[in-house]
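Enquirer: Quick one: this structure, given as structure tokens, is what I'll be asking you about.
The values are calculated or read from the model by the stated rules, or taken from the named source; none is laboratory data. All values reported here derive from a predicted model rather than from experimental measurement. Glycine also receives a Cβ, built like all others from the backbone with ideal geometry; neighbour counts cover every protein chain displayed.
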Amino acid sequence: MNAYDDVNAARGRAQIPGPTGDNRPAVGEPPQRTSSGRASVGSASVGSASVGSASVGSASVGSASVGSAPVGTGRASVGGRASVSPAPAPAGRATVGRASVAGVAPVSGSPDAPQGPGGPEGPTGPGRRAARKAASGKGGKGGDPAAIKKAKRRKRVNLLVAAFAVMVIMAGGAVVGLTWFYDDVPEYRTEELQATSIVFENGNTMATLGEFNRTVVPAGEISPLVKHAVVAAEDKNFEDHEGIDVKGIMRAAWNNFTGGGKQGASTITQQYARHAADLTGINYNRKIREAVLARKLEQEYTKDEILGFYLNAIYLGRGCYGIEAAAQCYFGKSAVAKPGQKNALTAAEAAVLASVIKQPEPDPLTGHQGFDPQLNLPEAQARWEYTLNNMVEKKWLSAEERAAAQYPKFNKYDPKKCQVGCGLDKPTGNVVNYVRDELEAMGIPAAEWKKGGYRITTTINKKAQAAAEAAARRASKTSPMSKLPAHYQAALVAVNPKNGRVMAYYGGDNGTGTDFAGLNGDGTGPHAPGSTFKIYTLAAAMRAGIQVDSYWDLTKLKDGDRVINNAGRTNIPCGKSCTLEHSTVQSYNAPFYWISKELGPEKVVQAARDAGITLMKDTATGKVHDIAKADPKTVAPKYFDIQVGFGQYPVTVLDHANGVATLANRGNFVKAHFIEKVEKRNPATGKYDRVPGSGEKIKSVRKFDEAEIDNINSVLKQIPGSVGNGLAGGREAIGKTGTWELDDSGKGASGDAWMVGATHQVAAAVWVGTSGARRAIKEPGGGSMSGGGTPATIWELFMEQVHKDLDLERESFAARKNIGDPNSPYPNGVKPQDKPVDPCDLLPEGACGGRDDDGGGDDDDNDGPVQPRPDFSIRPRD
């Protein structure tokens, strides 16, 4: 299981599942708030006492005297450390010492985020609370008569709580005292316990990461219909009581005293208090503390705020926390949408969710299957009926609407299906890995985004990704990979040349295995690019003033002990000397060897780095070098010899796509990246705000002269058509095929085959090889695979589909420029005085094939034999 798949199980009715202790899951939204002085909990002051023989008349419990604040007039906070006053209480008026509550899980905002509802000016801030108290008569003298009357009733309720607390403690017999009240309530921030979502460019979810599938929404944004349904199911008198169920407390105390069964029957406020304090077990200690905390909550917050906290905290089964996530899980709708709005829940659907809360999952102890309709439809329907009936009773639903209501259809749930940590088991899982790295670079480490609440918008275009998978994935019936053995593997990456956004990324079927388009931790991932790397050798040549129509001697095949191989092609139609342009289209090796030798391998490496190649593997040691950070003069020729000119040294598919994108962008480099923007949900508004300092920073840097790149592109745009993979309607595209041999056995078997190419809007690199051990690759017909075969077909399929789906306009490449040094000392060929007619000029366009017959190469320049052609005739596409 990967780090994102850890989902804790539920722990009974409306409780947040997970371990307790330091690692227990947080369930409340707000930061901890500490009461100072004598903050009021109604009028009862609760102190510390040890249980022993109690003299009720003198209000002493055991050996501890019980407080100086008379019940009915004193004020206290509950929780925190209690101080016991030694002064005896007046006869007949039991007093309980003052105890300070160190916060009851404030539910939104924080000192660090004062703009939130928990901030000083927020709806739950100190100023707002003071105003509410003054208005309601809670905060002191004055106020209207109705408020004063309500405050008196509240005091009587608190008196009952205190009395029952003493009774239950005395009845328990165990030395539990009021130790519950010494504990500070931990800080809980529900907004940090959400899922972090990674989305496509259009906002559709790609992956869900974190530890909880929860989406926090502000209380005021939740549909009233949903609120009414939950209140009807869980606590229909929620708006009328003072936060506690006195009968429930009495019943719990009496049952404990008499040895009866444990009782629940908590109000919504008590249930949330349980969450906030992480109280476990149904026993008298918990019930008393739960009641005390509920009273504190009722005095600190409005009913709507408490209900909002509760709705964001509760667990509703299926791995879904909070009402919004549950609405998506069960119905694919939103709890925020109001009736009549798109994706709004109906009353019947809201009642289903509300009915689930009581027990969302089966209880192995009792055997009850809970109220998820998929698991226990009869009882789920019965509780649904109960909920709707209560809604009618409270006049939240009309009798006519109730009569017309039918049990709604709900989404089926597969417990094996991922809820959080999702997306890694798909092809886009590799994108998630890049997203993590980019977040780290932005100063957002895993420890932060795993808390949840983030939304990361990637650069991946959903349509482009679908086109990439359809073209390159074996599971796709439209892909040529579907006709090849199971150990064959393809990779495809597409980049927008103008802004560096990675539009599509296919490096394998999931993000937990080998990424064939990037670099893996074990150094795998880069592949020998063969002749596709010649695009960078051309760039180095243009920088040196070498013209594309310069002549090179194709018979000069020896360099000391080295033998340069043109893949056995000895019957060269252009004779002894061919232009650099023709040699590029036909993919002869000799000119590129001599360019690399004359300029130095470091010039080729420099051009590759400027275009976008960051990683190159040294085939002698197997080490991957970060040439983006290294000086080319240092790494080459120490690690990269002359053969770098025609593609011996492995690179990643991602880098190669970035490199060809630079050519398509006329020499302007924009770094390929995966994150467009990073946002975090604002708990105050429920909306996503941009995280300062994050997101893409598109920086276009001119690396090559435009005219030089125009000349390269004027050559490269001939290649897609020459291998039979020109784009429909004459859409111009540059391209280059490449093949590298499996080994130096001389048998000519291919190990890697490539096609890279681009229009002005999309640059794509395609590699085909094998997974696991490197093995020979062949076409379905049995012939050795080259770049002009399956890779070119995959490239064409993708490019055609993505341009169609994205409705991209046709853009032509700039015309060739008259630049370069006609007297350059580097070309080693001789321009014929009377140049013979090139047979290709007499044949239809593309008839000469353009086969990439270099076969790759190796340190010994042993490309392997290729049958020479008796004459220059039409060749089949390879």
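Enquirer: Out of all the residues in region 183-193, is one or more at pLDDT 65 or above and surrounded by fewer than 20 Cβ atoms within 10 Å (Cβ to Cβ)?
Expert: No.
Enquirer: It is to be established whether one or more residues within region 783-791 are assigned to a loop (DSSP other than H, G, I, E, B) and farther than 25 Å from residue 495 by Cβ.
Expert: yes
Enquirer: When the residues of region 659-699 are filtered to those that are touching a Lys or Arg at 6+ places or on another chain (Cβ under 8 Å) and of a type in the set (S, T, N, Q), which remaining residue is farthest from residue 538 (Cα to Cα)?
Expert: Among those residues, the one meeting the criterion is 694.
Let's see how each residue does on (1) assigned by TED's automatic domain parsing to the domain that holds residue 772; (2) within 22 Å of residue 767 (Cα to Cα); (3) buried (at least 24 other Cβ atoms within 10 Å of the Cβ):
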{"site": "443", "(1), (2), (3)": "no, no, no"}
{"site": "467", "(1), (2), (3)": "no, yes, yes"}
{"site": "483", "(1), (2), (3)": "no, yes, no"}
{"site": "493", "(1), (2), (3)": "no, yes, yes"}
{"site": "499", "(1), (2), (3)": "no, no, no"}
{"site": "503", "(1), (2), (3)": "no, yes, yes"}
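Enquirer: Next question. Restricting the search to region 708-735, which residues are modelled with pLDDT of 95 or more and part of a loop (DSSP other than H, G, I, E, B)?
Expert: Hits for region 708-735 are 717, 718, 727, 731, 732, 733.
Enquirer: Just for helices (runs of 4 or more DSSP H) wholly inside region 420-480: which have at least 3 residues that are within 12 Å of the chain's Cα centre (by Cα) and not charged (D, E, K, R)?
Expert: Those helices (runs of 4 or more DSSP H) span 429-441.
Enquirer: Of the residues 211, 201, which single one is in a loop (DSSP other than H, G, I, E, B), assigned by TED's automatic domain parsing to the domain that holds residue 294 and at pLDDT below 95?
Expert: That would be 211, the only listed residue that is in a loop (DSSP other than H, G, I, E, B), assigned by TED's automatic domain parsing to the domain that holds residue 294 and at pLDDT below 95.
Enquirer: Go through region 484-510 residue by residue and tally those that are part of a loop (DSSP other than H, G, I, E, B) and either of a type in the set (S, T, N, Q) or farther than 17 Å from residue 673 by Cα (or both).
Expert: Looking only at that region, the number is 9.
Enquirer: Shifting gears a bit: Take the residues in region 204-221 that are charged (D, E, K, R) and under 20 Å from residue 415 (Cα atoms), then tell me which one is surrounded by the fewest Cβ atoms within 10 Å (Cβ to Cβ).
Expert: 211
Enquirer: I've got another one for you. Taking region 358-387 only, how many residues are in contact with a helix residue (DSSP H, G or I) (Cβ under 6 Å, 6 or more places away or on another chain) and touching a residue at least 60 places away in the same chain (Cβ under 8 Å)?
Expert: Qualifying residue count, region 358-387: 2.
Enquirer: At least 2 residues that are touching a residue at least 24 places away in the same chain (Cβ under 8 Å) and buried (at least 24 other Cβ atoms within 10 Å of the Cβ) in each: list the helices (runs of 4 or more DSSP H) lying fully within region 516-635 that qualify.
Expert: 534-543, 580-586, 590-599, 601-611
Enquirer: Go through (1) within 22 Å of residue 236 (Cβ to Cβ); (2) surrounded by fewer than 21 Cβ atoms within 10 Å (Cβ to Cβ); (3) within 33 Å of the chain's Cα centre (by Cα) and name the single condition residue 371 misses.
Expert: All conditions are met except number (2).
Enquirer: Take the conditions surrounded by fewer than 24 Cβ atoms within 10 Å (Cβ to Cβ), out of contact with any His (no Cβ under 9 Å at 6 or more places or on another chain) and at positive phi and apply them to residue 647. Does it pass?
Expert: no
Enquirer: Is there any pair with a first residue in region 388-415 that is assigned to a loop (DSSP other than H, G, I, E, B) and a second that is among the β-branched types (Val, Ile, Thr) whose Cβ atoms are under 7 Å apart and which are 6 or more apart or on different chains, and what are they?
Expert: 408/346; 408/352; 410/352
Enquirer: Taking only region 764-811 into account, find how many residues are touching a strand residue (DSSP E or B) at 6+ places or on another chain (Cβ under 8 Å) and farther than 20 Å from residue 528 by Cβ.
Expert: 3
Enquirer: Do we have residue 353 as at pLDDT 95 or above and within 24 Å of residue 681 (Cβ to Cβ) here?
Expert: Yes: the conditions hold for residue 353.
Enquirer: Would you call residue 681 modelled with pLDDT under 95 and either crowded, with 19+ Cβ neighbours inside 10 Å or under 30 Å from the mean Cα position of the chain (by Cα) (or both)?
Expert: Yes; evaluated as a whole, the condition is true for this residue.
Enquirer: What single numbered condition from (1) modelled with pLDDT of 90 or more; (2) assigned to a helix (DSSP H, G or I); (3) of a type in the set (S, T, N, Q) fails to hold for residue 299?
Expert: Just one mismatch for residue 299, condition (1).
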